[in-house]
Each structure stands twice: as C-alpha cells, then as structure tokens.
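The values are calculated or read from the model by the stated rules, or taken from the named source; none is laboratory data. Here the structure is a predicted model, which means the values were calculated and not measured. Glycine gets a Cβ as well: all are built from the backbone with ideal geometry, and neighbour counts include every protein chain shown. Please note that ligands, DNA and RNA were not included when accessible areas were found on the heavy atoms of the full protein model with its side chains. Shrake-Rupley method; radii C 1.70, N 1.55, O 1.52, S 1.80 Å.
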There are 2 protein chains.
Amino acid sequence: MNFRVVLNVLGALLIFEALSFILPLSFSLYYRDGDTLSIVYTQIICLVTGTFVFFLTRSHAELRIREGFAIVGLGWTTLAAFGAIPFVLHGSIPLYTDAFFETMSGFTTTGASILTDIESLPHGLLFWRSLTHWLGGMGIIVLSLAILPILGVGGMQLFKAEVPGPSPDKLSPRIKETAKILWVVYLLLSVIETILLMFGGMSLFDALCHTFGTMATGGFSTKNGSIGHFNSLYIEIVIIVFMVIAGTNFSLHYSMLRGNLKSYWKDREFLFYFKFLLIMIVAVTGMLHLSHFLELGKSLRHAAFQVVSITTTTGYCTADFENWTNGGQLIMLLLMFVGGCAGSTGGSIKIIRIMIVLKQGVNEIRKLLHPNAYIPIRLGGRVIHPDTVTNVLGFFLIYMLIFAAGTVCMALFGLDLISAGASVAATLGNIGPGLGQVGPTDNYSAIAHGGKWLLSFFMLLGRLELYTILILFIPEFWKK
Amino acid sequence: MNFRVVLNVLGALLIFEALSFILPLSFSLYYRDGDTLSIVYTQIICLVTGTFVFFLTRSHAELRIREGFAIVGLGWTTLAAFGAIPFVLHGSIPLYTDAFFETMSGFTTTGASILTDIESLPHGLLFWRSLTHWLGGMGIIVLSLAILPILGVGGMQLFKAEVPGPSPDKLSPRIKETAKILWVVYLLLSVIETILLMFGGMSLFDALCHTFGTMATGGFSTKNGSIGHFNSLYIEIVIIVFMVIAGTNFSLHYSMLRGNLKSYWKDREFLFYFKFLLIMIVAVTGMLHLSHFLELGKSLRHAAFQVVSITTTTGYCTADFENWTNGGQLIMLLLMFVGGCAGSTGGSIKIIRIMIVLKQGVNEIRKLLHPNAYIPIRLGGRVIHPDTVTNVLGFFLIYMLIFAAGTVCMALFGLDLISAGASVAATLGNIGPGLGQVGPTDNYSAIAHGGKWLLSFFMLLGRLELYTILILFIPEFWKK
C-alpha cells in the first residue's frame with residue numbers, strides 16, 4: 001500500500017471540497033441568514049488541510065488497484081468528515097455525530113436525516129446539504145462505470161465493455177476521460193430538471209436543491225413536508241420522470257445524447273427496471289384503491305411517486321406509506337432491496353443483480369432435470385460468465401448477512417424489530433426513510449449515538465458496493 | 001413421467017400409514033377417551049384406498065429421478081391429507097383446513113399448531129399427532145442421506161460419498177439399504193430418550209410423544225405449556241441433549257454405533273454446529289442476565305433450551321422469548337434461518353450451507369485482492385466443487401426470495417409485519433413457534449384459511465429442501 005499516493009488524492013479531494021463550498025457561500029451571501037462565517041471557516045479548514053496534505057505527499061507513483069480501493073473508501077469518509085463541520089460551527093446541528101450522519105447521508109445520496117425542522121436551517125447550509133447529494137451522485141456514476149468494473153466488484157465487470165472512454169490500460173487516464181463524459185451528461189440533465197422545476201413555480205434555490213436530491217437519488221428536501229409540501233401534480237411528475245432517469249444507467253443517457261435513441265429499449269436491465277416499476281405502481285395503486293378506498297387517480301399519483309422514489313432509492317415522499325396496509329408497507333420495505341440500474345446514482349442491490357439472482361434461481365431448478373448439462377445464464381443473448389454469476393450471488397448474500405447482522409445491532413440499540421430492520425435497509429440501500437421509528441414522516445434523531453455511527457457506516461458500505469469497504473478490513477490488504 | 005410407478009408408491013405409503021395407525025389405536029383402546037372409531041375409520045379409508053391404488057398400478061418399471069421427485073412431494077402431501085382425517089372425524093379439529101395444517105405440521109416436523117387447548121384432545125389422537133413427527137423425521141433422514149444426494153438438490157451431493165449403504169446404481173436397492181441402517185439408529189436413539197424421560201417422571205405416553213417431538217425436531221407436546229409444563233431441570237437437560245443429537249447428521253451416529261467415537265469431532269459441520277450453539281447460548285444467557293436481571297443459572301437454563309430448540313428447528317419452549325429484549329427476539333428470529341446439520345431431522349437452511357455461504361462471502365472479498373487467482377472453498381481439507389458452491393448459494397437465495405414473497409402474502413392476509421415474517425420463517429424452516437401473533441405462547445388458529453394453506457405449503461417446501469417441490473412447477477418436468 002502506497003499511503004503517499006492515497007493521501008495525495010485525499011488532499012486533492014479536500015481542495016475540491018473547499019472549492020465546492022463557493023456555491024453554498026453564494027446563496028448564504030444572497031440570503032444573509034447567518035451561516036456565512038461557518039461556511040467560510042470550513043472552506044479555509046478544507047483548503048489549508050487539503051493543500052498541506054497534497055503538496056506534502058506529491059509523488060509520481062502510479063495508482064494501483066489497492067490504492068484505488070483505499071482512496072474510494074477513505075475519500076467518501078474524508079468528504080463527509082469535513083463536510084459536517086459548517087453544521088456544527090453554525091450550531092444548527094450542534095452534535096458532530098449528527099452532523100456527520102447528515103453529511104454522510106448526503107454524500108452517499110441516502111437522504112436519511114436527523115433534522116426535525118429542516119426549514120429552520122439557513123439557506124447556505126441547506127444548499128450545502130443538498131449539494132453533497134449531487135457531488136456524491138456524480139462520484140457514484142464515475143465509480144460504478146469507470147472504477148468498479150476494473151476492480152471487479154460484485155459483478156460490475158459486466159459493464160466493462162459498455163463504458164464509454166478509451167480502452168482500459170492504466171487507471172487514471174481512463175477514469176478521467178470517462179468522468180468528463182459522464183459529468184457533461186449529469187450536468188445537462190440537472191440543468192433541464194432545474195428549469196422544469198422552476199416552471200412549476202419553485203424558486204431557483206428550491207429547484208436546484210430538489211434537482212440535486214433527484215439526480216443523485218438522494219432525497220434531501222428543503223421542506224419539512226418533502227415534495228408533498230408543494231402539492232403540485234406537475235412538480236411530482238417532473239420529479240418522478242427524473243427519478244426514473246437518475247435510476248437508469250448513465251451510459252445509456254450518453255448513448256442517447258450521441259443520437260442513439262434506441263439504446264434504452266435494447267438494454268435488458270433498463271427494460272426490466274421499467275417494467276418492474278410499472279408492475280409495482282399498478283399493484284400499489286390497486287392496493288390503495290381497494291384497501292384504502294382512495295379514488296383511482298389519487299391512488300395512482302401516490303403509488304407512482306412512492307414506488308419510484310423508493311425503488312430508485314431516492315426517498316422523497318408525498319404520502320406516508322406507514323399508514324398503508326401491512327401488505328403495502330411490506331412491499332415498500334422489499335422495494336428497498338431493489339435499487340436502480342447499475343451505473344445509475346441509485347443504490348441498494350440493483351436491477352442487474354436482481355435479474356441474475358432470479359435467473360440463477362430458475363437455472364438451479366432446471367439443472368435438476370438435466371444434471372449433467374451446463375446451462376449458462378444469458379442476458380440479452382450474451383452469456384454471463386459463471387464467475388460473474390458467483391460474484392453476484394456473493395454480493396447478494398453478503399448484503400443479506402450485513403442486513404441481518406445490522407438489524408440485530410440496531411435492535412440492541414433499543415429499536416423495535418421493524419424500525420431496526422427498516423433503518424438498516426434504508427441506510428444500506430441508500431434510501432433514507434424506512435418504517436416504524438424511522439418512517440417517512442419521522443427522522444433518525446432519536447437513535448443512540450452508536451447507532452448513528454453504525455448507520456453512517458452502512459450508508460458508506462451500501463453506497464460503495466460493500467466490497468470496496470469490506471476489503472479494507474482484510475489484514476492482507478494492508479500488507480506490502 | 002411414469003404416473004403408474006408414482007401412484008404405486010403412493011398406494012404403498014397409504015398402506016403403511018394405515019398400519020402405523022395401530023399404535024395410536026392401542027393408546028386409544030387403553031385410555032378409552034372416545035377417539036377409537038375415528039382412528040379405525042381412517043385406518044380403513046387408508047387401507048382400502050392404498051390397497052386399491054397399489055394393486056391397480058402394479059408395474060415392473062424402474063424408478064427414475066423424475067418419478068423420485070414426484071413421489072417425494074406427493075408422498076408427503078398424501079400422508080398429510082389422509083392423516084388429517086381422524087381429527088375431523090372425531091371433531092376435535094372440526095375444519096379440514098386446520099386438521100391438514102396440523103398434520104402437515106406433524107409430518108414436516110414443524111410443530112406449528114392451530115390447537116388452543118392441546119390437553120383437551122383424546123390420547124389416541126394426541127399420540128397420532130406426535131407420531132406424524134416421528135414418521136416424518138424418519139422420512140427426512142432417509143431422504144436427505146439417501147435420496148437428495150442422488151437427485152443433486154441444493155448442495156446435498158456433498159454427502160454422496162459419506163452415506164452408508166451399497167454404491168449408487170439404481171434408486172430403490174440403495175435407498176432401501178440405507179433406510180434400514182438409519183431406521184435402526186433412529187429407533188435406538190428414540191428408545192434411549194423414552195427411557196430417560198420416564199426416569200424423569202413422565203408416563204410412557206408422554207415420554208413417547210415427547211421423544212417423537214425431539215428426535216424429529218418437531219415440537220408437538222401433549223401439554224399446553226410445552227416442556228415448561230414439567231418444570232423439571234432433568235427433563236429439560238435430556239431434551240436439550242436429544243435435540244442436539246437430532247440436529248446432528250445421522251450418518252455420524254451410525255459411525256459412532258459402529259465404534260468410531262471420534263467421527264463427531266472430525267466432522268467440520270458438527271464442530272461448527274456445536275460451537276455455534278455454545279456461542280449463542282452464552283450470548284443469550286448474557287442478554288437474559290444483564291437485560292432481564294435473571295439470575296445466572298436460570299438465564300443459562302432458559303437460554304440453552306430456547307437456543308437449542310430454535311436452532312435445531314424443534315420448537316419446544318420453556319420460556320416465552322417474545323418477552324425478551326428486541327435484540328433477544330431478533331436473535332431468535334435469525335436462529336430460525338440456521339437449522340441443524342444436513343442429514344439430521346432439523347430443517348431450515350442447515351449448517352453446512354451456512355458454512356459454505358460464509359466461506360464464499362470471505363472468498364469473494366479475497367478475490368478482489370487476487371483477481372486472477374482461483375481460490376477454492378475448502379471444508380476440512382476437502383475442496384468443494386464450484387458447482388456445489390453455486391448450488392448452495394442458489395439454495396440460499398431461493399430460500400430468501402420465498403421468505404420475502406411469503407411474508408408479503410401473509411401480510412396481505414392481514415398479519416402485522418413481524419407476525420407475517422415470523423410465520424413464514426417458522427414454517428419454511430420447520431420450527432413451529434414464531435414471533436408476534438404466532439409466538440411461543442400463541443398458535444396459528446387465528447390465521448385466515450388461505451394463509452393456513454399457504455403456510456402448510458411452506459412447511460412442505462422447506463422440509464423437502466425447496467427444489468424437490470419447486471421442480472414440480474416446471475412444465476418441462478411433466479413432459480415425456
């Protein structure tokens with residue numbers, strides 16, 4: 001492990017974080033509601049620390065895979081650790097544990113909050129809170145399309161060939177090129193959503209913040225009532241559409257922008273994702289209409305928003321699904337284990353893995369009939385390598401084991417069984433709202449300190465596809 | 001599919017069932033509490049139907065793998081369907097749905113009951129209820145050690161080589177030979193336990209019934225208070241020891257009886273099983289002592305019984321773990337997904353699969369460090385074939401998918417989330433008592449009819465290692 005190289009990149013990240021504070025600073029100066037100094041101080045802390053570390057560790061060593069893993073895990077943690085500072089300095093989130101939870105929730109695009117009164121926060125800090133989503137989302141797209149396929153994490157190598165950019169050789173140039181392309185796509189889509197939201201009557205501030213929350217499948221709102229606050233069908237439709245977009249593989253958007261409009265309907269994962277969303281919306285609409293006697297239009301509106309929001313792991317809400325029937329609540333809980341497409345900003349297990357897991361299930365049963373035949377798993381005519389299948393199954397089972405162990409831990413922190421399970425599902429899957437104590441209208445403030453740190457860890461673990469973090473716990477990893 | 005052969009075996013099974021009614025009939029005649037006629041009538045129904053089907057379908061066709069699958073699935077169902085009759089005839093369980101649930105629960109060694117007052121049942125029927133456990137347990141040992149390894153179900157082929165009996169060639173002679181050997185072991189252990197329980201003050205009747213419940217890891221008791229009724233440390237210790245024995249691979253007991261005393265400590269699965277039980281007992285003892293301020297001895301007594309009972313999937317109770325802390329309850333819920341060793345009467349996922357799943361998890365992370373290396377999974381020096389690993393992972397994921405889908409269904413039947421999840425975990429894993437509405441001191445009587453049929457199906461599904469039943473739903477299976 002070349003710690004110099006790792007620290008060097010972390011230093012660069014801190015300088016980048018310092019620069020990104022310029023945006024919330026502008027809003028703070030415009031609205032003048034008392035958070036300017038806390039932002040400026042944090043900016044200085046980041047800039048000084050970053051510059052110091054960066055120049056102290058300059059080296060010409062090449063990035064290797066091991067350093068890549070260390071940078072990803074430590075990078076996200078560093079950004080969250082420093083990003084939490086302004087909340088504490090300003091006093092709107094007095095405890096560092098809470099501030100770290102909130103910022104980690106932002107950078108991991110989770111959207112779980114410890115705030116009881118979001119609207120009491122000054123504009124600059126609210127903007128920073130939402131911006132962490134957007135930055136995190138950007139990071140995730142690059143990570144999942146450019147870095148993880150090379151690192152061979154959890155079946156993501158499936159996408160190795162499909163990624164735009166130069167052929168893989170050394171890590172850095174390839175990553176930079178891909179990042180640039182995806183950055184443009186991400187920025188373009190964000191600009192479009194912001195304009196559309198402003199058409200719906202949102203201020204530039206609210207439109208930007210909610211665009212950040214949508215495009216990153218994050219879920220932080222500037223309002224206590226989340227999207228329900230606006231009570232506008234138009235805004236809900238715009239956000240539903242952009243949540244679906246954010247949950248789609250960004251290399252498809254890239255193809256689309258290059259004129260290949262058909263790329264969506266040729267992509268098996270996207271088709272599954274789209275059909276799955278439709279089926280779930282119909283099912284939940286039916287449930288709301290039949291069990292809650294809600295009129296059909298309203299049922300569809302509520303169902304579409306909540307299903308898309310939870311499946312894409314965004315976490316915006318327009319209805320409190322905790323008041324739904326047991327069956328409805330459970331469907332929402334299970335949707336937390338689905339997630340968006342690979343290469344999207346969505347978290348959780350992800351569509352492609354769900355597809356492979358289901359195909360493998362059917363395959364195993366078929367094999368009993370033909371014990372000596374090799375039945376490969378196909379995805380759109382392409383045969384998936386058995387190693388990749390094992391990889392995906394491995395990811396699925398580790399995800400389940402962490403979910404189970406995490407739920408026990410949260411129960412030991414005193415949460416009831418539903419809240420314990422939902423809090424882990426909602427953080428590990430980067431969704432945000434869960435059920436019970438941490439439901440859509442509640443928040444994470446009442447959880448014990450230890451529990452908050454653990455859940456912050458789960459956000460990171462889920463966001464970075466488990467392996468990227470778990471590998472750091474193998475002693476072998478740190479050996480020369 | 002040769003339906004003739006299948007029906008022929010089912011006919012034979014019915015004749016066997018008719019004969020096995022002789023035992024409860026004897027107790028009925030001895031105690032004379034009004035169930036004699038209902039037993040005799042059922043015996044006649046089974047005998048007539050069985051003989052009729054058997055002689056009508058006589059053939060010399062050889063059993064093939066497909067027929068094997070059909071016989072296993074349909075055999076268990078037939079036994080339960082006819083075994084339910086005396087309860088309805090007698091009127092102690094007036095509804096056939098309930099009687100079928102109870103009998104399926106018996107034959108699948110689940111131990112889930114719809115009875116609110118067990119002690120009100122006449123002795124003959126109570127004995128039959130417990131006997132279904134014992135017969136089912138015997139069936140499972142033969143199935144898992146002689147039949148499933150040949151059929152290649154869910155990694156059970158691991159045990160192909162270890163099974164006593166002649167080399168595999170055609171199905172029937174091998175199965176018969178193995179069955180005979182295991183029958184002797186099972187009978188011998190049952191005799192020993194019965195004698196030991198009688199030493200503890202139980203009547204022959206109670207001793208036999210509780211032996212059946214223990215050896216089959218079933219859990220039906222003759223008392224409303226389960227084992228807690230006897231309030232005897234001696235009886236609890238005997239039952240704990242025999243639950244552990246029943247959860248052990250019976251080929252190890254066979255080796256032991258042949259003088260190979262060390263076979264237990266050479267078996268990796270048994271070692272893991274034993275250590276796992278000890279660790280869990282210590283953890284739960286600590287929890288009871290520290291959180292519930294129970295004295296250490298009592299904590300240990302409660303912890304040991306409940307942990308062993310749930311892990312081995314027996315389901316006898318001496319304490320209501322629903323009153324434990326959230327963490328304690330959750331540990332019990334998770335133990336429902338462990339199960340005994342393969343080749344035992346225990347149900348659920350089973351130790352060997354848990355071991356392979358855990359090893360595979362660590363392996364996947366290690367692979368990231370050595371992307372091009374082939375790292376095999378070893379179990380006691382033996383390399384597990386990658387196909388077997390995929391098989392086991394497939395089993396694990398299908399188990400989880402059925403658990404999730406089943407929980408949704410039960411929630412749609414109106415159960416709250418905890419009860420819904422626990423009812424599926426407790427039936428799919430053949431445990432019996434769950435949590436919430438179906439906790440240790442409750443029963444399954446209040447569940448809707450449809451829910452009872454579904455749970456009965458889950459008992460069968462779990463008991464027959466999923467695949468054996470799922471294969472029946474593939475259209476290809478039924479083609480010539």
Could you report the accessible area of A:LEU79 in Å², rounded to 10, computed with a 1.4 Å probe on the protein chains as they sit in the structure? 20
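Of all the Cα-Cα pairs you can form in chain A, what percent are over 33 Å apart?
Working: 39089 of 114960 pairs.
When all Cα pairs of chain A are counted, 34 percent exceed 33 Å.
Taking only C-alpha pairs under 8 Å that are 6+ residues apart, what is the relative contact order of region B:289-376 in percent? Walk me through the intermediate numbers first.
On the way: 75 pairs, mean separation 16.2, N = 88.
Once divided by the residue count of region B:289-376, the mean separation gives 18 percent.
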Which whole-angstrom value gives the distance between the alpha carbon centres of region A:1-69 and region B:25-52? 82
Local charge sum around A:THR285 (other residues, Cβ-Cβ under 14 Å, Lys/Arg +1, Asp/Glu -1)? +1
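List the residue ranges in chain B for DSSP H helices whose C-alpha atoms run 24 angstrom or more along the long axis and whose Kyte-Doolittle average is 1.6 or above.
Details: long enough: B:3-20 (25 Å, 1.81); B:36-56 (30 Å, 1.89); B:65-83 (27 Å, 1.05); B:123-142 (29 Å, 0.86); B:171-199 (42 Å, 1.30); B:268-291 (34 Å, 1.45); B:351-369 (28 Å, 0.87); B:386-412 (39 Å, 1.63).
Membrane-span-like by this criterion, though nothing is claimed about a membrane: B:3-20, B:36-56, B:386-412.
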Output the peptides A:201-211, B:348-358, B:262-272 sorted from most to least packed, where packing is the average of other Cβ atoms within 10 Å over each peptide's residues. B:348-358, A:201-211, B:262-272
How large is the charge dipole for the protein assembly as shown, taken about the Cα centre, if only the Cβ atoms of Lys, Arg (+1) and Asp, Glu (-1) carry charge, to the nearest 20 debye? 3240
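Evaluate the charge dipole of region B:230-309 about its Cα centre and quote only its size in Debye, nearest 20, assuming +1 on the Cβ of each Lys and Arg and -1 on the Cβ of each Asp and Glu. Walk me through the numbers on the way to the answer.
On the way: 7 positive and 4 negative charges, 53 e Å.
So the dipole magnitude of region B:230-309 works out to roughly 260 debye.
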Relative contact order [Cα under 8 Å, 6+ residues apart], region A:418-477, whole percent: 31
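At a temperature of 20 °C and a viscosity of 1.002 mPa s, determine how fast region B:243-370 diffuses translationally according to Stokes-Einstein, using the Kirkwood radius over alpha-carbon pairs as Rh; express D in µm²/s, rounded to the nearest whole number.
Numbers: Rh = 15.7 Å.
D, rounded to a whole number, is 137 µm²/s.
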Region A:1-88: trypsin sites (Lys or Arg not before Pro) in DSSP loop, at most 16 other beta carbons within 10 Å: A:ARG32, A:ARG58, A:ARG64
Computed magnitude of the charge dipole of chain B (debye, nearest 20; Cβ of K, R +1, Cβ of D, E -1): 1660
Residues with amide H under 5 Å of B:ILE377's amide H, sequence separation 5 or more or different chain, H placed in the peptide plane at 1.01 Å from N; which? B:ILE384
√(5λ) per eigenvalue of the Cα gyration tensor, region B:13-166, largest first, Å: 31, 19, 13
Gap in Å between the Cα centre of region B:203-223 and the Cα centre of region A:224-259? 60
Report Rg(Cα)/(2.2 N^0.38 Å) for region B:368-479, keeping two decimals. 1.37
Inter-copy label distances at B:GLY225 (7 Å, Cα→Cβ; nm, one decimal): 5.7
For a quick protection proxy, order the peptides B:101-107, A:314-320 by their average other-Cβ count within 10 Å, most packed first. B:101-107, A:314-320
Arrange the peptides A:35-41, A:122-128 so that the one whose residues have, on average, the most other Cβ atoms within 10 Å appears first. A:122-128, A:35-41
Using the Kirkwood radius over Cα pairs, work out the Stokes-Einstein diffusion coefficient for region B:1-97 at 4 °C and 1.567 mPa s, in µm²/s as a whole number. 91
Log entry: pair-distance distribution for region B:346-388, C-alpha pairs binned every 5 Å from zero, whole % per bin is 5, 20, 28, 24, 14, 5, 2, 1
In terms of the charge dipole of chain A, which places +1 on Lys and Arg and -1 on Asp and Glu at the beta carbon, the residue among A:THR214, A:PRO371, A:PHE107 farthest towards the positive end is A:PRO371
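Taking every residue in B:463-471, how many Cβ atoms of other protein chains lie within 10 Å of its Cβ, on average?
Numbers: counts 0, 0, 0, 3, 4, 1, 0, 5, 6.
Neighbouring Cβ atoms belonging to other protein chains average 2 per residue here.
Rg/Rh for the protein assembly as shown to two decimals, with Rh computed the Kirkwood way over all alpha-carbon pairs.
Working: Rg = 30.0 Å, Rh = 29.8 Å.
For the protein assembly as shown, the value is 1.01.
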Rounded to the nearest 100 Å², the accessible area hidden between B and A, summed over both chains at a 1.4 Å probe radius, is 4200
Compare each residue of region B:369-391 in its chain alone against the assembly with all protein chains, and report those whose accessible area goes down by 40 Å² or more; 1.4 Å probe, heavy atoms. B:LEU369, B:THR390
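Quantify how much of the Cα-Cα distance distribution of region B:388-446 extends past 14 Å, in percent.
The calculated P(r) of region B:388-446 puts 55 percent of pairs beyond 14 Å.
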Taking the Cβ of B:GLU465 as the center, what net charge do the other residues with Cβ under 13 Å away carry, scoring Lys and Arg +1 and Asp and Glu -1? +2
State the Cα centre-to-centre distance between region A:425-480 and region B:416-466 in whole Å. 31
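For B:395-403, what's the mean count of beta carbons from other chains sitting within 10 Å of each residue's beta carbon?
On the way: counts 2, 5, 10, 7, 0, 6, 5, 1, 0.
Counting Cβ atoms of other protein chains within 10 Å of each residue's Cβ and averaging gives 4.
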Computed over chain A: relative contact order in percent, which uses C-alpha pairs under 8 Å that are six or more apart: 18
